[in-house]
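Report on the following structure.
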Amino acid sequence: MWRALARTTLRAVANDCGSPGVGLAPSALTQQQLRHSKASKRFITTTSAAPQHNIGIMSVEKPKVVFVLGGPGAGKGTQCSRIVDRFQFTHLSAGDLLREERSREGSEFGNLIEDYIRNGKIVPVEVTCSLLENAMKASGKSRFLIDGFPRNQDNLDGWNRQMSEKVDFQFVLFFDCGEDVCVKRCLGRGQSGSGRTDDNLESLKKRISTYNNDSLPIIKFFEGAGQVKRIDASPDAEEVFGEVEKILVASGF
């Protein structure tokens, strides 16, 4: 699976460079001008026959990232929509990206993603990180809410390997909501025609179990590092957003 992702990445790099024959050997890059890729925000100077360490790279401001975490039904999506309108963030839902990839015609990961989502399990991190990175690059924006990620230790480790050096992580926005409220919201959402295959009691029990066993320890880890902004998500959406607004303004947004 990872080899397939790697091939896709290499094809994208070749297209950005305007040179479909670019390979991995250092000699293949000599005497070529690599064009600036607007999506990735990286600037690479013209290479020469000089040693590899002489290639110059201009630093640019890294995109700012806020993780948005909370149990199923905590209102993460609703609050993210309001944050986008008020603070000009780009909202990336890990779950939405996975569902879109699952339904995309010809996707080699569609069946795998469907199986994981239906059973309340967490999709392999390589898939999720690649979808997030591609979406960030495609947006051309600099502020991101990443909703529903990282959901376990493997997610966090994969993010650190693939993305930690590419972004400016800010903090975790944690929507803390009682389980009974979350269940009521999810079931109501399903009954009103959300179209989500996991908005049913059977899947919800599995999702809550996964959240308690895998996601809460990640939130506690960030909390121990002083990187969590906790919000009581039990009240109505308007009241919750009032607290969100205070936090983001105080954080310089």
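The values are calculated or read from the model by the stated rules, or taken from the named source; none is laboratory data. Computed from a predicted model, the values in this text were never measured in an experiment. Here the Cβ is made from the backbone with ideal geometry for all residues, glycine too, and neighbour counts use every protein chain on show. The accessibility values were calculated without ligands, DNA or RNA, using every heavy atom of the protein model including side chains. Shrake-Rupley method; radii C 1.70, N 1.55, O 1.52, S 1.80 Å.
Taking amide H as placed 1.01 Å from N in the peptide plane, Asp147 has its amide H under 5 Å from the amide H of Val68, Leu92, Ser93, Ala94, each at least 5 places away in sequence or on another chain. Each residue of segment 105-113 was assigned a 3J(HN,Hα) from its phi angle through the Karplus expression (A = 6.51, B = -1.76, C = 1.60, θ = phi - 60°), giving 4, x, 5, 7, 9, x, 5, 4, 5 Hz with x at Gly and Pro.
With 31 Å as the limit, the listed pairs Lys184/Lys220; Lys64/Lys205; Lys141/Lys184; Lys121/Lys184; Lys166/Lys205; Lys137/Lys184 have Lys64/Lys205; Lys141/Lys184; Lys166/Lys205; Lys137/Lys184 beyond it between alpha carbons. Projecting the Cα atoms of Phe144, Gln227, Cys177 onto the dipole axis of segment 133-253, where Lys and Arg carry +1 and Asp and Glu carry -1 at the beta carbon, places Phe144 farthest toward the positive end. Surface exposure of segment 64-248, expressed per residue as accessible area with a 1.4 Å probe, stands at 47 Å². For segment 64-248, the fraction of 1.4 Å probe accessible surface lying on carbon and sulfur atoms is 45 percent. What is the distance in Å between the Cα centroid of segment 180-253 and that of segment 83-158? So the separation of the two Cα centres works out to 16 Å. The order of the peptides 128-134, 102-108, 173-179 by mean Cβ neighbours within 10 Å, most packed first, is 128-134, 173-179, 102-108.
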